[in-house]
Amino acid sequence: MMKRTLITLGSLFCISVGTLLGSSITIGTDNGSNAFPFSGPFYGYAGTDYQEAYASSDFSGPIDITGIDFLLGPGFKGQLYAGTYTLSFSIISDDIGSLSSTDLDGNIGSDNTVFDVVTLGGNAPNVLTFTGTTPFLYNPADGNLLLNISVANGTGGSSAAYQDSEGSGTGIARYQNFGLTNGVGYGLVTEFDSNVAMATTPEPGTLSLVVCLGLVGLLVQRLRRTRLS
């Protein structure tokens, strides 16, 4: 009975360690706030398609993207641009600064994968989170990452500005039909969430395995002592 209990506890501990070693990475620096796309377009613009391209060099290794977060700018409150948002990811070979501002569909990679479809509206939350129904495994060795956001039946929206690089930095580029200004340095600060930690030194997966093996070793020693006593 004691043996089964110890092994069960060890298994649960190992599972917990693996879960806790999930990771997140934030791309971009808050240099201002921007209304695109979550507060709607400027007057006269379509407000249907928004893209952000992320440089592969900002990722330390492969990441299984399970969620993305956008942070409301300091001092901003308002209403979201109400509509149905479809978010998808793809890997692109083009440099993030060389994409088209007019042929947005042409920017999308061949492996385009729908990440989440959600209806938004109402008050803008401090953290706007999208939890993917289909996680996207991104390996930066394959190319740069493109996030495509399509908005259907968009209406309303006001003062829902989220943290943005505002023309600073080289890790994000923006392309959209919500208003003016595209290219490198523009784009929302983005936090990528994952249940699997990215490869680092030492690798989190390896660390988890070492911890679990160490626990198993301690349990074996405990069992031997119990049998000898």
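The values are calculated or read from the model by the stated rules, or taken from the named source; none is laboratory data. As the structure is a prediction and not an experimental result, all values here were calculated from the model. Note that each Cβ is placed from the backbone with ideal geometry, even for glycine, and that neighbours are counted across all protein chains shown.
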## Note on the structure
Selection from region 143-164 of residues assigned to a strand (DSSP E or B) and of a type in the set (A, V, I, L, M, F, W, C) yields LEU145, LEU146, LEU147, ILE149, VAL151, ALA152
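Looking at region 131-150, which of the residues that are of a type in the set (S, T, N, Q) and either within 12 Å of the chain's Cα centre (by Cα) or modelled with pLDDT of 95 or more (or both) is nearest to THR48 (Cα to Cα)?
First pass over region 131-150, keeping only residues of a type in the set (S, T, N, Q): 131, 133-134, 139, 144, 148, 150.
Remaining after also requiring either within 12 Å of the chain's Cα centre (by Cα) or modelled with pLDDT of 95 or more (or both): 131, 139, 144, 148, 150.
Details: THR131: 21, ASN139: 28, ASN144: 23, ASN148: 11, SER150: 6 Å.
For region 131-150, the residue satisfying everything is SER150.
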### Query
VAL220: in a helix (DSSP H, G or I), modelled with pLDDT under 95, farther than 18 Å from PRO41 by Cβ and in contact with a Phe, Trp or Tyr (Cβ under 9 Å, 6 or more places away or on another chain), yes or no?
no
### Query
Looking at region 80-96, is at least one residue touching a strand residue (DSSP E or B) at 6+ places or on another chain (Cβ under 6 Å), under 19 Å from GLY157 (Cβ atoms) and assigned to a loop (DSSP other than H, G, I, E, B)?
yes
### Query
Can you tell me which residues in region 122-142 are surrounded by fewer than 17 Cβ atoms within 10 Å (Cβ to Cβ) and part of a loop (DSSP other than H, G, I, E, B)?
GLY122, PRO125, ASN126, ASN139
### Task
Report whether or not THR119 is part of a strand (DSSP E or B), modelled with pLDDT of 95 or more, among the hydroxyl-bearing types (Ser, Thr, Tyr) and exposed (fewer than 15 other Cβ atoms within 10 Å of the Cβ).
yes
